[in-house]
Amino acid sequence: MKRKKLKGLRHSFIRKAKSILTNPLAYLSLLVPLFICIATYVVYKTETKTDSGITNLFDSIWHTTVAVVAAYYDFYVKSVPGRLASLVLLLFGMAFWAVIIGKITSVIMDIQNKNNKGLKKIRPMKGHFLICGWRPHFEKLLVTVLKSNPDITPDMIVLVNDAPSEQVEQLRQDIRFKEIKYISGDFSDAEILNRAHIKEAGRVLIIADITSKMAATEIDSHTVLTVLTIRRLNSSVYIAAEILDQKFNDHLHLAQCNEIIQTQKYEHGLLATASSGMGYSNVIKSLIGEDADSGILIGTFPKTFTGKSYGELEEYYSKKSDGEVLVGLLLKVGDKPLLTPAENFIIPENAKSVLIAANQ
């Protein structure tokens with residue numbers, strides 16, 4: 001056993017030795033210090049015989065250090081061999097700093113390119129908001145998200161998508177969104193989600209990418225797969241997902257999606273109500289609102305109302321002076337609201353109020 005181990009180590013050593021010997025950089029890394037030492041010795045042997053100020057080996061080494069590191073001469077060499085050797089040292093110094101500066105620039109550019117393309121690892125976050133997916137006029141969606149969620153700031157938002165990096169970078173050029181983080185890749189992939197710190201996220205919004213080359217059923221299947229992956233990685237995160245086809249509702253419910261949005265159904269409803277000529281669409285747009293203070297709101301009320309009647313809660317809101325009107329109850333997040341229940345309806349635990357707030 002020991003013999004096999006020693007044989008393996010020997011083969012490994014031979015492979016590494018061959019790799020070093022066949023690498024031109026290995027020879028260069030040996031030759032450069034050798035030339036510097038030779039040039040230092042030449043300066044020492046020739047300049048100690050002149051009045052250049054170099055009187056011992058330490059002076060020659062100091063002359064070399066200044067020439068290589070600072071790229072200038074601390075002593076005025078006078079002999080021809082000393083001048084040639086000093087010129088070699090100066091050239092090596094210039095080359096040394098060119099390599100160092102080039103390497104630093106390359107690292108900075110690489111970091112910037114990775115950041116622009118969504119490949120850079122973002123710092124650890126907690127309670128942040130993931131938006132998975134992409135669509136045209138994405139900035140309008142971001143503006144509405146920020147207005148509707150006053151507790152969220154741009155630096156708490158992480159975009160995860162496989163859209164062209166140029167489009168996302170153009171979005172982030174807007175001063176309003178410059179602090180938004182960006183991860184490039186398939187948002188159904190666990191590795192990509194882990195890069196976005198999905199385990200510490202507070203909320204996730206999954207957008208159906210209607211601009212992709214996939215069919216509607218493929219887009220919705222991808223959304224279901226994403227919800228399943230997210231739920232496996234973080235069992236407590238709140239997930240809202242958009243689908244195009246209603247038949248995927250049951251799949252998302254099984255995947256424990258908290259909120260399902262079927263925007264195309266809403267679009268069809270808006271078109272249908274607009275055809276009546278009664279102005280329903282304007283009413284609906286006002287009820288939806290574009291911020292957290294107007295339109296339909298989900299609110300909380302004092303826990304003392306748990307077990308009391310809906311009529312008593314109505315009376316409580318009617319006495320408030322903030323312009324909010326109670327229209328129903330949300331018994332459980334993700335379920336349909338119970339609108340205008342009977343006055344004697346008993347309010348269960350953890351219920352929330354459904355309110356309409358006036359536009360200011």
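Just a few scattered comments:
For (1) within 24 Å of Glu200 (Cα to Cα); (2) within 10 Å of the chain's Cα centre (by Cα), each residue gets a yes or a no:
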| site | (1), (2) |
| --- | --- |
| Ile122 | yes, yes |
| His137 | no, no |
| Leu141 | yes, no |
| Thr144 | yes, no |
| Pro150 | yes, no |
| Glu166 | no, no |
| Glu169 | no, no |
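- All positions within region 342-360 that are surrounded by 14 or more Cβ atoms within 10 Å (Cβ to Cβ), part of a strand (DSSP E or B) and not polar (S, T, N, Q): Lys352, Val354, Leu355, Ile356, Ala357
- Residue ranges of helices (runs of 4 or more DSSP H) in region 134-209 with at least 2 members out of contact with any strand residue (DSSP E or B) (no Cβ under 6 Å at 6 or more places or on another chain), farther than 19 Å from Leu233 by Cβ and without any contact (Cβ under 8 Å) to a residue 60 or more places away in the chain: 138-148, 165-172
- Residue in region 115-122 that is modelled with pLDDT of 90 or more and open to solvent by less than 70 Å² (accessible area, probe 1.4 Å) present: no
- Looking across Leu313, Leu330, Leu339, one residue alone is open to solvent by 70 Å² or more (accessible area, probe 1.4 Å) and at pLDDT 85 or above. It is Leu339.
- Exclusive hit being touching a Gly at 6+ places or on another chain (Cβ under 7 Å), farther than 15 Å from Lys121 by Cα and open to solvent by less than 60 Å² (accessible area, probe 1.4 Å), set Ser184, Ser148, Ser188, Ser165: Ser165
- Given (1) open to solvent by less than 10 Å² (accessible area, probe 1.4 Å); (2) under 14 Å from Cys257 (Cβ atoms), index of the condition Ile198 fails: (2)
One line per residue, one yes/no per condition, for (1) under 25 Å from Val99 (Cβ atoms); (2) not in a helix (DSSP H, G or I):
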{"residue": "Val32", "(1), (2)": "yes, no"}
{"residue": "Thr46", "(1), (2)": "no, no"}
{"residue": "Ser52", "(1), (2)": "no, yes"}
{"residue": "Asp59", "(1), (2)": "no, no"}
{"residue": "Ala67", "(1), (2)": "yes, no"}
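- Cross-chain or 6+ apart pairs with Cβ under 9 Å, region 78-98 first and at pLDDT 85 or above and aliphatic (A, V, I, L, M), then part of a helix (DSSP H, G or I) and open to solvent by 40 Å² or more (accessible area, probe 1.4 Å): Leu84/Val42; Ala85/Ile38; Ala85/Tyr41; Ala85/Val42
The values are calculated or read from the model by the stated rules, or taken from the named source; none is laboratory data. No experiment lies behind these values; they were computed from the predicted model shown. Cβ coordinates were reconstructed from backbone atoms using ideal geometry, including for glycine residues, and neighbour counts include every protein chain displayed. Accessible surface is based on the protein model in full, side chains and every heavy atom, while ligands, DNA and RNA are left aside. Shrake-Rupley method; radii C 1.70, N 1.55, O 1.52, S 1.80 Å.
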